[in-house]
Structures are given as C-alpha cells and as structure tokens.
Amino acid sequence: MKKKIVAANFKMNKTDEDIKKYFAVFLDRINGLRNKTSFNDFDAELIFAPPFTSLSETHKIIEPYMDFIKLSSQNIYSEKSGAYTGEISIDMIKSCGCVYSIIGHSERRNIFKESDELIGKKIEAVYSGGGMTPILCVGENLEIRKQNGQEKFVENQLAVGLNYIKGRNIPSLIVAYEPVWAIGTGMPIKADDGEAMHGFISDYIISSFSIGELRVIYGGSVTEANIKELMGKPHIDGVLVGGASLDPQSFHNIFKLAAAQ
Ligand code: PGA
C-alpha cells in the first residue's frame, strides 16, 4: 500500500521563531492524536517544506517524529558546488535532514523563469544526491486548460523534466500536479477533473519510466473544506498545501481528514 502524502509548502513565510511557535501547536495536536490512535493507524506521511533558513531548526523539532514526518526543501540548484552566489546544493539540504526536494514549482517556473531543461537538471541532481526523492511539480495555466490542452502540456513537462530517469530504475518519485490557475486562488480543481489528470499522469509515467514507487499528489487551494473529496479519489495519492498549511490548527485538521480517508 502506498502511503498517502500530506505536504506543507511554507513558501517564503516563517522565521525560526515562527517555526518554533508553529510546531508547539502542531505537535501538541499530533501527540493528542497519538494518544488516541495507534501510530501505525496513520496511513499518511507528513512532509514539511520550510524556507532554507529554517530547515535545520525544523529538523531538530521533528526528529522524534521522523518515522512519519519528513523534511523537504522548496528548491535546490542543479550544480554540486562552485561559484553560484545565492544558490543551495543537494548536499547542503541533505545535511540539514531533507529527504525530499520540491522541484519546478510553478512560482519557480513563472517568477524565476526556470525552464523544463533546468528542472530536468535539478531532478538529476536530486537523484545524484543519493537517498533523496524529488517532488516534481507540473501543471497548466488557465489559457491551456480553457483549450483543453492540459494533458499534452503536462506530458511535455514530465518528458523533459524526467529525461534523466529514462532507462534507469528509480526507487521513488513524487509528482505534484498543481494547475497554475488553482494555486493560491481559492479555486481548487473539481475532484473529478483532478482524478482524470492524476490518472493520465500516472499512466504516462508508468508506461514511460521504471519507478519503484510513484505517488501523484495534488496542489492548489487545498483546504479543510475540500481535502476529503480530493483524497477520496483513487489516483490522488496526497496533497501539497500552501496557504492553508501556514496555520498549524488548520493544517492539522487537513492531515487528520486526509489520514482518516
Ligand atoms: P496553495 O498553494 O495551497 O496556497 O494554493 C499550493 C502550492 O503552491 O503548492
């Protein structure tokens, strides 16, 4: 059985002080759950992606929970080291306790002009890090969706982004399907439309690559109000939550509803 994923992307929010306050509330609630339920009953993995500056602090706090709470970076650069002022390598985030890295988030693609080719190099860098799994983000904008071009568009993002793994046996991959028009807009995808895209993405990946464990998660305006319906769909293996993850109580509620599915 695949473990479902409930991931928090804090984006450019929270200092170390904020992180400490956040987890004081969040872990208190998790401990409450833990007392009521056997921990093995949690059929879900929690992932936190704080800013680079709080990776170590977050790692310190979640270490006792590492059996089901994991750490991710929001990005990396594709090179291992060298004269790349302001950039962060895979070894650096690994040394902070990360086992995942988000790659190709639409904010990176749109604001920082990251190309599919660069994203492909970053995917290669993550796998070269050893023991690390990328969370590759893909998704169409509204114009493409209106023309019903989302499948072709996302297939191309996947083909270029995953070029490195062609012909290789890869132990695990997470793809986050995040339609750009649904991110931060309060307009999530309809669960049936999400299910259709997730089915398309997994079929494409399974037929083109050799991956031990593939999980396709959804991101874009996930809240307590829509989590149950989304997680009820067979091809939706989890969620990547932005805005609604910033409040520990609301994110805990999302996790509880997702894990209970
Ligand atoms: P959102 O962001 O939940 O605020 O829409 C999701 C994301 O960008 O990963």
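The values are calculated or read from the model by the stated rules, or taken from the named source; none is laboratory data. Since the model is a prediction, treat every value here as computed from it, not as a measurement. Cβ coordinates were reconstructed from backbone atoms using ideal geometry, including for glycine residues, and neighbour counts include every protein chain displayed.
Under 9 Å by Cβ, and 6 or more places apart or on different chains, what pairs join a residue from the stretch 213-227 that is in contact (Cβ under 8 Å) with a residue 12 or more places away in the chain and on the phi > 0 side of the Ramachandran plot with one that is near the ligand (Cβ under 9 Å from one of its atoms) and acidic (Asp, Glu)?
Between residues of the stretch 213-227 that are in contact (Cβ under 8 Å) with a residue 12 or more places away in the chain and on the phi > 0 side of the Ramachandran plot and residues that are near the ligand (Cβ under 9 Å from one of its atoms) and acidic (Asp, Glu), the close pairs are Gly220/Glu178.
Tell me which of these Leu230 doesn't satisfy, since it passes every other one: (1) farther than 25 Å from Asn148 by Cβ; (2) touching a Pro at 6+ places or on another chain (Cβ under 8 Å).
Condition (1) is where Leu230 drops out.
Which pairs have Cβ atoms under 9 Å, sit 6 or more apart or on different chains, and link a residue in the stretch 126-145 that is free of Cβ contacts under 8 Å to residues at least 24 places away in the same chain to one that is part of a loop (DSSP other than H, G, I, E, B) and surrounded by fewer than 19 Cβ atoms within 10 Å (Cβ to Cβ)?
Glu143/Gly149
If I ask for residues that are closer than 20 Å to Ser250 by Cβ and hydroxyl-bearing (Ser, Thr, Tyr), which ones from the stretch 169-223 would you list?
Listed by number, the residues that qualify are Thr185, Tyr218, Ser221, Thr223.
State whether one or more residues within the stretch 130-139 are within 30 Å of Asp203 (Cβ to Cβ), crowded, with 19+ Cβ neighbours inside 10 Å and among the hydroxyl-bearing types (Ser, Thr, Tyr).
Scanning the stretch 130-139 turns up at least one residue that is within 30 Å of Asp203 (Cβ to Cβ), crowded, with 19+ Cβ neighbours inside 10 Å and among the hydroxyl-bearing types (Ser, Thr, Tyr).
Output the number of the condition that Ser101 fails; it satisfies all remaining conditions of (1) touching a residue at least 40 places away in the same chain (Cβ under 8 Å); (2) buried (at least 22 other Cβ atoms within 10 Å of the Cβ).
Evaluating Ser101 over (1) touching a residue at least 40 places away in the same chain (Cβ under 8 Å); (2) buried (at least 22 other Cβ atoms within 10 Å of the Cβ) leaves (1) as the failure.
What tally of residues in the stretch 225-261 results from selecting those that are within 14 Å of the ligand (Cβ to nearest atom) and surrounded by fewer than 17 Cβ atoms within 10 Å (Cβ to Cβ)?
Residues flagged as within 14 Å of the ligand (Cβ to nearest atom) and surrounded by fewer than 17 Cβ atoms within 10 Å (Cβ to Cβ) within the stretch 225-261 amount to 3.
Could you grab me the full set of residues in the stretch 122-152 that are over 19 Å from the mean Cα position of the chain (by Cα) and among the basic types (Lys, Arg)?
Those that are over 19 Å from the mean Cα position of the chain (by Cα) and among the basic types (Lys, Arg): Arg145, Lys146, Lys152.
Which one of these is crowded, with 22+ Cβ neighbours inside 10 Å, over 16 Å from the mean Cα position of the chain (by Cα) and more than 14 Å from the ligand (Cβ to nearest atom): Ile90, Ile76, Ile119?
The match here is Ile90.
Filter the stretch 74-90 down to the residues that are more than 19 Å from Pro171 (Cβ to Cβ) and in contact (Cβ under 8 Å) with a residue 12 or more places away in the chain and list them by number.
Within the stretch 74-90, Gln74, Asn75, Tyr77, Ser78, Glu79, Lys80, Ile88, Ser89 meet the criteria.
Among residues belonging to the stretch 51-80 that are under 17 Å from Met132 (Cβ atoms) and assigned to a loop (DSSP other than H, G, I, E, B), point out the one that is modelled with the lowest pLDDT.
Only one residue tops the list, namely Met66.
Tell me, which residue of the stretch 51-67 that is touching a strand residue (DSSP E or B) at 6+ places or on another chain (Cβ under 8 Å) and in contact (Cβ under 8 Å) with a residue 40 or more places away in the chain is farthest from Val99 (Cα to Cα)?
Within the stretch 51-67, the match that is farthest from Val99 (Cα to Cα) is Phe52.
Check the stretch 196-213 and report whether any residue there is within 15 Å of the ligand (Cβ to nearest atom) and outside any strand (DSSP E or B).
no
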